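The values are calculated or read from the model by the stated rules, or taken from the named source; none is laboratory data. For clarity, every value in this text was computed on a predicted model and none was experimentally measured. A quick note on method: Cβ atoms are made from the backbone with ideal geometry, for glycine too, and the neighbour counts reach across all protein chains shown. When the accessible area is computed, the model is the full protein with side chains, heavy atoms only, and any ligands, DNA or RNA have been set aside. Shrake-Rupley method; radii C 1.70, N 1.55, O 1.52, S 1.80 Å.
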Amino acid sequence: MTSYLSLTKAMLIGLSRDKSTLFFTLLFPLMFLIIFGAIFSGGGTNPSKVAQVGAVPVLDQLQAQDPDALKDVLELSTVDDEAAAIKMVEDGEVAAAVKQTGDLVQIYYSAADRTQAGIVTGVLNGIVTQTNLEKLQVAAPEVAVTTVRIDQVEDESLGSIQYLAPGLLGWAISMSGVFGAAMTLVTWRQKKTLRRIRLAPVSVGAVVGARVGNTLLLALIQLAVFIGVASLPFFGLKLTNYWWMAIPTVLIGALAFLAIGLLVGAVSKTSEGASGLANLIILPLAFSSGSFYPLDAAPQWLQTISYVSPLRYLNEAMLDVMVRGEGPLSVLPNLGILIAFGLVVGFIATRLFRWDDI
Amino acid sequence: MSVSIRVADVRKSYGDVVAVDGVSFEVDQGEFFGILGPNGAGKTTTLEIVEGLREADAGSVELLGMSPWPRNTALLPRMGVQLQGTAFFERLTAREQLVTFGSLYGVGPKKADAMLETVGLTDKAGTRVEKLSGGQAQRLSIACALVHDPEVVFLDEPTAALDPQARRNLWDLLRTINGEGRTVVLTTHHMDEAELLCDRVAIMDHGKILKIDPPAALVRGLDAATHITVDSGHLAPADLAAIADGVAETEDDGATITFTTRDPSTVLTALAEHRVLNGLRVRGATLEDVFLELTGREYRA
């Protein structure tokens with residue numbers, strides 16, 4: 001027990017002074033959170049720029065009733081000259097120009113950006129139709145009109161951060177589990193630290209146990225940092241009721257990946273080899289298990305492949321309890337698969353364990 | 001006196017390469033025993049078999065009355081091993097390193113401080129191992145091997161790659177360790193080191209022990225000539241010939257004259273009579289000559 005604790009402590013002190021490992025296990029995944037968060041949350045939500053020539057009563061009335069009505073869809077600027085407005089459309093400075101003469105609303109658009117033109121003409125058409133409908137209802141209140149109501153099925157806050165945070169956290173956990181265990185084993189063997197420990201009355205269990213303790217602690221820190229950063233208003237992660245179930249999930253996931261790391265460490269001779277092999281395992285897992293994008297968006301064949309990846313079960317379990325609002329028991333099958341996976345791989349790793357290069 | 005180590009006809013091959021080819025020796029309790037030989041002689045493999053790190057293909061090893069193979073946890077606390085190279089925990093300070101190794105043997109941190117003092121690293125206690133010089137790292141590694149007060153200490157080329165001053169400091173430390181009554185086994189490829197430190201030396205080459213004896217006995221047993229050197233230019237050629245006549249061979253390289261003789265008294269007396277002892281050096285046979293005699297080739301480490 002004493003030797004287990006002192007090995008754990010020695011490893012922990014070494015880890016806390018290892019800037020590059022801390023960077024790759026804590027900051028690096030956070031950088032991905034920022035980058036992917038920016039990529040997936042941008043695009044399409046920026047309001048389209050429209051130049052209006054002089055007064056356009058349909059738009060002006062709407063804004064008089066509610067100044068923010070058009071804020072999310074159109075960014076209006078007023079010019080006095082129609083020719084100048086058309087020039088702005090041609091130059092791509094605005095998506096469209098609009099002018100109203102009496103009952104005629106004239107829209108100018110450029111074929112250069114058909115998507116923007118489609119959005120703007122659609123929005124303006126809708127506004128005009130709405131205005132006409134209101135006039136007709138005033139003239140003939142007894143005529144029933146059909147209206148449409150649109151509701152999103154998910155929690156309205158389900159932005160990209162909701163699937164990015166659990167997925168990237170899963171990736172971070174798998175990385176630190178595999179790399180931590182593999183690198184400790186290989187560098188300790190290379191530097192003959194393992195041989196030195198072998199010459200002390202210490203069991204293999206204490207050595208592996210110390211690494212397990214370190215990996216679990218690191219996983220909890222990763223979970224805390226990830227939830228902490230993703231919950232900042234800038235990212236806006238909203239956790240659901242049973243998010244605390246992510247704690248055992250993360251610990252079990254970390255153990256499964258630690259087993260892979262022990263296996264990589266057992267078969268690799270040099271730290272370069274171990275690092276290459278670890279990357280070779282983790283990157284395909286990360287891409288096929290929904291760490292970087294929702295798995296539902298992946299092609300069917302990739303979804304099928306993902307069933308053999310342990311990372312899929314970790315990611316899905318964390319999505320379920322952290323953001324999908326599922327109950328704590330819903331992740332038990334996933335946790336069971338992760339435990340079974342860890343036991344099998346861990347068993348193989350102990351069979352291949354070597355104190356020394358011979 | 002009881003026997004600490006008993007090695008009988010140990011053999012070890014790696015594929016076609018025979019690393020250890022029938023080695024036998026005994027080391028008494030409290031003895032300083034050296035295994036001397038060039039690189040690739042089989043010293044390290046022999047030591048690793050005795051320490052229980054490798055299994056011998058044949059033969060038997062007894063360490064403190066027990067077999068070191070397979071890994072014998074009853075034996076481990078009674079032996080200390082300083083490994084070739086420096087096997088440390090990464091990014092720990094010298095003191096943290098010693099405390100960690102100590103606790104693996106159930107030894108408290110006080111002992112770590114005492115060991116730092118013994119190896120003269122008290123002022124480096126807070127320095128990370130990566131920042132220590134070669135000599136300091138080597139001393140720390142010896143301290144790690146001694147932190148649990150072992151009865152038998154194994155040192156594998158402890159002074160390799162050290163500067164002369166660091167080597168001398170380390171020799172003092174090794175004498176102290178042995179003086180405390182511990183059995184010390186040292187491998188080295190430095191002749192002078194073995195000569196200075198060891199009670200007995202085993203000379204190894206090509207996986208075999210050629211001879212085991214105290215260094216002085218090895219040298220004495222060798223009927224080797226004495227080399228007497230004085231400065232050139234003080235002795236007329238006629239006098240030189242007269243002094244050397246029948247008792248020595250001479251060689252004058254312009255700076256020094258070397259007399260190689262089996263009758264040093266006569267040559268020295270004659271040189272003194274001529275008052276030409278300027279720059280006098282007398283070199284008797286060394287382990288290097290013993291090695292040359294035993295293997296028929298120059299010693300190259």
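Annotations for the structure displayed:
- Solvent-accessible area, 1.4 Å probe, carbon plus sulfur percent, for segment A:48-139: 52 percent
- Among B:Gly42, B:Gly221, B:Gly34, the largest mean-square fluctuation in a Gaussian network model of chain B (Cα springs under 10 Å) belongs to B:Gly221.
- Longest site-free stretch - chain A; sites: GluC sites (Glu not before Pro), DSSP loop, at most 14 other Cβ within 10 Å: A:157-358
- With the convex hull of its Cα atoms as the shape, segment B:1-76 has an orientation-averaged projected area of 5.2 nm².
- Over segment B:173-229 - Rg/Rh using Cα atoms and the Kirkwood inverse-distance radius: 1.03
- The shape of segment A:316-358 can be summarised by an equivalent ellipsoid whose semi-axes, obtained from the alpha carbon gyration tensor, come to 35, 10, 5 Å from longest to shortest.
- When the trypsin sites (Lys or Arg not before Pro) in segment A:225-312 are filtered for DSSP coil states and for at most 13 other beta-carbon atoms within 10 Å of their beta-carbon, the remaining sites are A:Lys269.
- Calculated from the alpha-carbon coordinates, segment A:48-139 shows an Rg and a Dmax of 13.0, 43 Å respectively.
- For segment B:1-41 and segment B:207-222, distance of Cα centres in Å: 15 Å
- Among the trypsin sites (Lys or Arg not before Pro) within segment A:1-89, those in coil by DSSP and having at most 16 neighbouring Cβ atoms inside 10 Å are A:Arg17, A:Lys71.
- Compactness of segment A:131-263 is given as radius of gyration and Dmax, 26.8, 98 Å, from Cα positions.
- Summed buried accessible area for A+B [probe radius 1.4 Å, Å², rounded to 100]: 2700 Å²
- Each 10 Å bin from zero holds the following percent of Cα-Cα pairs in segment B:40-178: 12, 40, 35, 12, 1.
- Mean shadow area of segment B:25-115 over all directions, Cα convex hull, nm²: 7.7 nm²
- Alpha-carbon spread of chain A, three principal axes, descending order, Å: 96, 45, 36
- Solvent exposure of the protein assembly as shown amounts to 48 Å² per residue of accessible area, where only protein heavy atoms count and the probe is 1.4 Å.
- Note on segment B:182-301: Cα Rg divided by 2.2 N^0.38 Å, N the number of residues, gives 1.29.
- Percentage, to the nearest whole number, of Cα pairs in segment A:59-194 over 26 Å apart: 55 percent
- Helix axis angle, A:332-352 relative to chain A longest principal axis, alpha carbon, degrees: 40 degrees
- Over 30 Å apart at the Cα level, from the set A:Lys71/A:Lys238; A:Lys192/B:Lys110; A:Lys19/A:Lys191; A:Lys19/A:Lys269; B:Lys124/B:Lys208, are B:Lys124/B:Lys208.
- Note on chain B: Rg/Rh from Cα positions, Kirkwood definition for Rh, rounded to two decimals, is 1.08.
- If both residues of a DSSP beta bridge must be in segment A:48-139, then about 40% of such bridges are antiparallel.
- Comparing each chain alone with all protein chains together (probe 1.4 Å, DNA, RNA and ligands left out), the residues of segment A:191-226 losing at least 40 Å² of accessible area are A:Lys191, A:Thr193, A:Arg195, A:Arg196, A:Arg198, A:Leu199, A:Pro201.
- Counted over the protein assembly as shown with a bin width of 10 Å, the fraction of Cα pairs per bin, in whole percents, is 3, 12, 15, 14, 13, 11, 9, 6, 6, 5, 3, 2, 1, 0, 0.
- Chymotrypsin sites (Phe, Trp or Tyr not before Pro) within segment A:188-265: DSSP coil, no more than 13 neighbouring Cβ in 10 Å: A:Phe234
- Approximate shape of segment B:226-284 as ellipsoid semi-axes (Cα gyration tensor, √5λ), whole Å, largest first: 14, 12, 11
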